[in-house]
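Right, one structure below, let's go through it.
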Amino acid sequence: MSEKYKVVIIGGGPGGYLAALRAGSLGLKTAVIEKEALGGICLNHGCIPTKVLTHGAAFYRRLQDAGEFGFNIKEMEFDYPRLQQKKKDVVSELVGHISELMENKNVDVYYGDARALSAQQVTIKSASGEETILETENVILATGSEEIYPPTKGIDLPGIITSREALALEELPETMAVIGGGVIALEMASIFMGLGVKVTIVHRSERLLRRMDLEMVRRLSTYMRKSGLNIMMNSPIEVIEKVEDGYKLTVNTRKGREIVQAESLLLAVGRKAAFGGQNLEALGVEYESNGIRVNSKMETSAPNIYAVGDATYPNYYLAHTAYHQGIVAAENIAGIAAHFDGSAVPVCLFTDPELSCVGLSEEEAKEKGCENIKTGKFPFSANGKAATQNEKEGAVKIITAGENDKIIGMHILGPHASDLIQEGTMAVAKGVTAAEMAELIHPHPTLGESVWEAAMGINKAALHLTRR
């Protein structure tokens, strides 16, 4: 019988591998079991490869405007397979880095299909069929999420791709239809549109990105439409058919039945919790279809069994929340009183321009009955750094409430929005007021000055606007 582990983690994605690294750094004897590759979907088929292609697409677009900065690029060629190779190189490097970290923290890594038999025993079946049993004191379930397939006629036709296959395409199609209107759909559309593909989004709902501020979403969709994206809203798909040169979608719109044809068809309606084949009933773990129920310590209803990441409820489907949940679970196993607080979670959309948010949207603030709601806005078109970079699209929007104008939400559409949102995360988490943020000295010239001006705008004091 092998030595008993203090904790065995099922799943090597963001939540699982961060839990392993934290447990290892605390001196706990730790094992992590991964079915495919360390880093999970995020590192291998999601967050990281998406950002490589996003950067490539943005780079391509910027080069087309190089003349404004004095560069005369007469013949510009684009080699898409080389961009794909760059993506593979980046992923390989980062996966290798995680492997090194595991070794440095004395974490044992197993590969195979894992099942928790109890909080004290986990079995692993390798690709060759060999079975290994691990003894443990605690189990962390980090089984992630999986693609949602809507009940649309023809959705199971061969060749229809998800984001995973889209990121691995070796050749670019001339046309692509994207089913969905959430984060993944918009990011995929932005990438392929930026690389020269004619993209159409087909979405059954009346709005995109339903969890983000409506005003900012409308601004984003306007920019993307101007860049060439065709967006069909309120357009449920009646049937999908395979045709000689791709796919034909029969779509019901407000104008009546319309036909959309595309060489490639990408399904991106969202993701749902996955349980990795675990027998949760036998383990005594309470769950629903939308995830495993956990408390702030990431404990499930079963003693010594924890759950983190996309498999849990409430759902975030964000790598950075999985990171923190993994750390919280590991620390509690080590006897450290740790809690996960999801009240100030930043969300980032890596389109061009980027869109990020934290806290409440203006609509949510009104629905919750917040008192004395104010908004402060400042456009990047009035920001000096944005002008120097020729990236003037978008704005910063700050939402406050109460007598002291406490910041309850921040929304940023524009360059480096995913980096700038952290100031808003701190403000929402710590109850900072607009006046307190306006008092902070922001360096010049920087994009962050737009956050400062938006904070001043709460009390009608934005200084670099010629009109309100």
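The values are calculated or read from the model by the stated rules, or taken from the named source; none is laboratory data. Every value quoted in this text rests on a predicted model; they were computed, and no experiment measured them. Here the Cβ is made from the backbone with ideal geometry for all residues, glycine too, and neighbour counts use every protein chain on show.
Here are a few things to note about the model shown:
- Residue count, the range 408-447 (criterion: in contact with a Phe, Trp or Tyr (Cβ under 6 Å, 6 or more places away or on another chain) and more than 25 Å from residue 221 (Cβ to Cβ)): 1
- Residues satisfying the stated conditions in the range 220-244, i.e. of a type in the set (A, V, I, L, M, F, W, C) and under 13 Å from residue 352 (Cβ atoms): 220, 224, 229
- Considered as a group, the residues in the range 198-224 that are β-branched (Val, Ile, Thr) and in contact (Cβ under 8 Å) with a residue 40 or more places away in the chain include one that is surrounded by the fewest Cβ atoms within 10 Å (Cβ to Cβ), and that residue is 200.
- Among strands (runs of 3 or more DSSP E) entirely within the range 86-149, having at least 3 residues that are assigned by TED's automatic domain parsing to the domain that holds residue 291 and of a type in the set (Val, Ile, Thr) singles out 121-125.
- Residue 393 meets all of the listed conditions (1) buried (at least 24 other Cβ atoms within 10 Å of the Cβ); (2) under 25 Å from the mean Cα position of the chain (by Cα); (3) in contact (Cβ under 8 Å) with a residue 60 or more places away in the chain but one, namely (1).
- Candidate set from the range 433-455 (those that are under 30 Å from the mean Cα position of the chain (by Cα) and aliphatic (A, V, I, L, M)); member that is nearest to residue 421 (Cα to Cα): 451
Okay, residues lined up against (1) touching a residue at least 60 places away in the same chain (Cβ under 8 Å); (2) crowded, with 20+ Cβ neighbours inside 10 Å:
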{"residue": "287", "(1), (2)": "no, yes"}
{"residue": "292", "(1), (2)": "yes, yes"}
{"residue": "303", "(1), (2)": "yes, no"}
{"residue": "309", "(1), (2)": "yes, yes"}
{"residue": "334", "(1), (2)": "yes, no"}
{"residue": "352", "(1), (2)": "yes, yes"}
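- For the range 440-458, the condition holds for no residue, the condition being that it is in contact with a Cys (Cβ under 9 Å, 6 or more places away or on another chain) and either surrounded by fewer than 24 Cβ atoms within 10 Å (Cβ to Cβ) or within 22 Å of residue 346 (Cα to Cα) (or both).
- Condition met for residue 375 (at pLDDT 95 or above and part of a strand (DSSP E or B)): yes
- Residues in the range 150-161 that are of a type in the set (Val, Ile, Thr) and either part of a loop (DSSP other than H, G, I, E, B) or surrounded by 24 or more Cβ atoms within 10 Å (Cβ to Cβ) (or both): 152, 155, 160.
- So residue 88, is it at pLDDT 95 or above and within 30 Å of residue 249 (Cβ to Cβ): no
- Whichever residue in the range 277-289 is at pLDDT 95 or above and part of a loop (DSSP other than H, G, I, E, B) and, among such residues, is nearest to residue 141 (Cα to Cα): 278
- Selection count where residues are part of a loop (DSSP other than H, G, I, E, B) and over 23 Å from the mean Cα position of the chain (by Cα), scope the range 298-308: 5
- The residues listed here are 127, 142; of these, the one that is in contact (Cβ under 8 Å) with a residue 60 or more places away in the chain and of a type in the set (A, V, I, L, M) is 142.
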